[in-house]
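J.: The structure under discussion is supplied below as structure tokens; questions concerning it will follow.
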Amino acid sequence: MARIRIWIDPQHRDGTVCEHAITPSGKPRDPKADCTGRARYQVMCSDHGAVGKPHGLRTLAESTQTAHRNSHKAALARPAA
């Protein structure tokens, strides 16, 4: 069985992944960077793709990430019919 990975992608408003260094406010540290800042956080799963709707705060995305990870654990624990 393949390993399932669940992570949180920080995203710009247009949905592209933001990999820039940012300040606590979400704005880019380098003012010359072509970055609009982080606008949302999307939970991603290697098995299901995007999970749920994007969240404005990373802490909200973390609870969705945990719940999705637990759903995978529960599926593995069920006995095969």
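The values are calculated or read from the model by the stated rules, or taken from the named source; none is laboratory data. Small disclaimer: the values here were computed from a predicted structure and weren't measured. Glycine also receives a Cβ, built like all others from the backbone with ideal geometry; neighbour counts cover every protein chain displayed. Keep in mind that these areas ignore ligands, DNA and RNA; they rest on the heavy atoms of the full protein, side chains included. Shrake-Rupley method; radii C 1.70, N 1.55, O 1.52, S 1.80 Å.
J.: Got at least one residue in region 9-16 being in a loop (DSSP other than H, G, I, E, B) and acidic (Asp, Glu)?
T.: Taking region 9-16 and keeping what is in a loop (DSSP other than H, G, I, E, B), we get 12-16.
Next, from what is left, pick out any that are acidic (Asp, Glu): 14.
The answer is yes; a qualifying residue exists.
J.: I'm trying to understand the selection: among the residues of region 12-47, which are closer than 22 Å to Ala67 by Cα and modelled with pLDDT under 90?
T.: none
J.: Take the conditions at pLDDT 95 or above, out of contact with any strand residue (DSSP E or B) (no Cβ under 7 Å at 6 or more places or on another chain) and open to solvent by 50 Å² or more (accessible area, probe 1.4 Å) and apply them to Ala2. Does it pass?
T.: Values: at pLDDT 95 or above: no; out of contact with any strand residue (DSSP E or B) (no Cβ under 7 Å at 6 or more places or on another chain): yes; open to solvent by 50 Å² or more (accessible area, probe 1.4 Å): yes.
Answer is no for this residue.
J.: Something else now. Could you grab me the full set of residues in region 18-67 that are part of a helix (DSSP H, G or I), out of contact with any His (no Cβ under 8 Å at 6 or more places or on another chain) and in contact (Cβ under 8 Å) with a residue 12 or more places away in the chain? Don't jump to the end; show me each part of the working.
T.: Step one: of region 18-67, the residues part of a helix (DSSP H, G or I) are 58-67.
Pick out the ones that are also out of contact with any His (no Cβ under 8 Å at 6 or more places or on another chain) and you get 58-60, 62-63, 65-67.
Residues satisfying the conditions are Arg58, Leu60, Glu62, Gln65.
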